[in-house]
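Down below is the structure, laid out as structure tokens.
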Amino acid sequence: EARSRFVRTFLRYPAALPALILFVIVVLCALGAPLLTQYTPFEGNAAERLQGIGTAGHLLGTDEQGRDILTRCLYGGRLSLLMGFLPVALATIVGSILGIISGYFGKAYAQIIMRTLDIFYAFPSILLAIALSSVLGSGLSSIIIPIAVILVPPIARVAESTVQDIMPEDFIEAAQTSGASPLKVIVFFIIPNTFGRIFIYCTKQFSVSILSASGLSFLGLGISPPTPEWGSMLNALRQQIYINPLITIIPGLFIFVTALSVNII
């Protein structure tokens, strides 16, 4: 019954189903990239560089090294989607644990945890991510860790407030007075009754993570060329904006469509 009610509610919004279909297509295209293109994302042809959209054999044109842009976007989707998911998953685990501990035990725990996390709000999130990424150097971890760090404080706040909302409930008091340990109360009563709200908030951060990861790659941090990734592709193609402006926005469209579809869902 709950599942059917969710489906009915979801389908009530006209844009929900198209957004879901679009996001599924993006994911499937990224996963099935080798089956959808005859080219590799690394090898180019200097004689075919900067071909326009609709060129025979290159539907979305070629980049500055003659590599097929559609191929690189398909393969780049794997890394971009991964960089959208992993930071959110890591931040959800850490932020939920901190928020639940803070909300359940309160007092000194809340003061220590939440006031420490408040320090991160003293810095603009993107600048903090840039600083951390610069320190960590190149590689996937230099994008995943900084984005996860900036996502932990808001997730922890949501988790804390959600726990505080259900703490006055009778079933929590009954579990505590029956002699259940704090760990059992958290596992069997707190988490099941707070998971929904925390999960919904965290899924909304997926698009934030994709945009942040693409922004860091655009600035030359994290993923190094020639590895295909939407943000780094956008950075490389922007230099050709006066030569072939249409091809420069293609990776940006992939970022925009993916982030928008997730937000709508």
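Let me know the charge dipole size of segment 114-232 about its Cα centre in debye, to the nearest 20, where only the beta-carbon of Lys, Arg (+1) and Asp, Glu (-1) is charged.
Working: 5 positive and 7 negative charges, 51 e Å.
Dipole size: approximately 240 debye.
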From Cα pairs below 8 angstrom and at least 6 apart in sequence, can you work out the relative contact order of the chain, rounded to a whole percent?
25 percent
Students sometimes get this wrong: rank ASP118, ASP170 by accessible area, probe 1.4 Å, all chains present, largest first.
ASP170, ASP118
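What is the gain in length, in nm to one decimal, between LYS184 and LEU260 on full extension, counting 0.36 nm per residue of separation less the C-alpha to C-alpha distance?
Numbers: separation 76, 0.36 × 76 = 27.36 nm, distance 3.92 nm.
Additional length available on full extension: 23.4 nm.
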Find out how many positive minus negative residues lie around ILE150, taking Lys and Arg as positive, Asp and Glu as negative, among other residues whose Cβ is under 15 Å from that of ILE150.
+1
7 Å from Cα along Cα→Cβ at both VAL27 and PHE105: what's the point-to-point distance in nm?
3.6 nm
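Do you know the relative contact order of segment 1-99, to the nearest whole percent, from alpha carbon pairs under 8 angstrom that are 6+ apart? Let's see the in-between values first.
On the way: 83 pairs, mean separation 21.2, N = 99.
Computed value for segment 1-99: 21 percent relative contact order.
Among residues other than LEU117 whose Cβ falls under 15 Å from its Cβ, what is the net charge (Lys/Arg +1, Asp/Glu -1)? Intermediate values should be presented prior to the final figure.
Working: positive: ARG115, ARG157; negative: ASP118, GLU160.
Net charge in that neighbourhood comes out at 0.
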So what is the relative contact order of segment 112-238, in percent, for Cα pairs below 8 Å that sit 6 or more residues apart?
29 percent
I need the peptides 124-130, 46-52, 232-238, 3-9 ranked by packing, meaning the mean over residues of other C-beta atoms within 10 angstrom, with the highest value on top.
232-238, 124-130, 46-52, 3-9
Would you mind computing, in nm to one decimal, how far apart the modelled labels at ILE191 and TYR13 are, each placed 7 Å from Cα along Cα→Cβ?
2.8 nm
Choose one of LEU237, GLY106, ILE166: the residue whose Cα lies farthest towards the positive end of the charge dipole of the chain (beta-carbon charges +1 Lys, Arg; -1 Asp, Glu; about the Cα centre).
ILE166
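Output the peptides 107-116, 206-215 sorted from most to least packed, where packing is the average of other Cβ atoms within 10 Å over each peptide's residues.
Values: 107-116: 12.7, 206-215: 23.9.
For the peptides 107-116, 206-215, the packing ranking is 206-215, 107-116.
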Would you work out which of ALA180, THR62, VAL7 lies farthest towards the positive end of the dipole of the chain? Charges go on Cβ: Lys and Arg +1, Asp and Glu -1.
VAL7
Pick the calculated Cα extents along the principal axes in Å for this structure from (1) 67, 57, 30; (2) 77, 47, 26; (3) 54, 39, 34?
(2)
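Per DSSP H run of at least 4 residues, take -39500 (n - 2.57); add these up for the chain, divide by its residues and hand me the 222 nm value, nearest 500 deg cm²/dmol.
Working: 13 runs with 184 residues, N = 265.
It comes out at -22500 deg cm²/dmol, rounded to the nearest 500.
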Check: segment 48-202 dipole with +1 on Lys, Arg Cβ and -1 on Asp, Glu Cβ, in debye:
240 debye
Placing +1 at every Lys and Arg Cβ and -1 at every Asp and Glu Cβ, with all other atoms neutral, what dipole size does the chain have around its Cα centre, in debye to the nearest 20?
240 debye
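The values are calculated or read from the model by the stated rules, or taken from the named source; none is laboratory data. These numbers were taken from a predicted model, which means no experiment stands behind them. Positions of Cβ are generated from backbone atoms using ideal geometry, with glycine treated the same way; all protein chains shown enter the neighbour counts. Note: accessible area is taken over every heavy atom of the protein model, side chains too, but ligands, DNA and RNA are not part of it. Shrake-Rupley method; radii C 1.70, N 1.55, O 1.52, S 1.80 Å.
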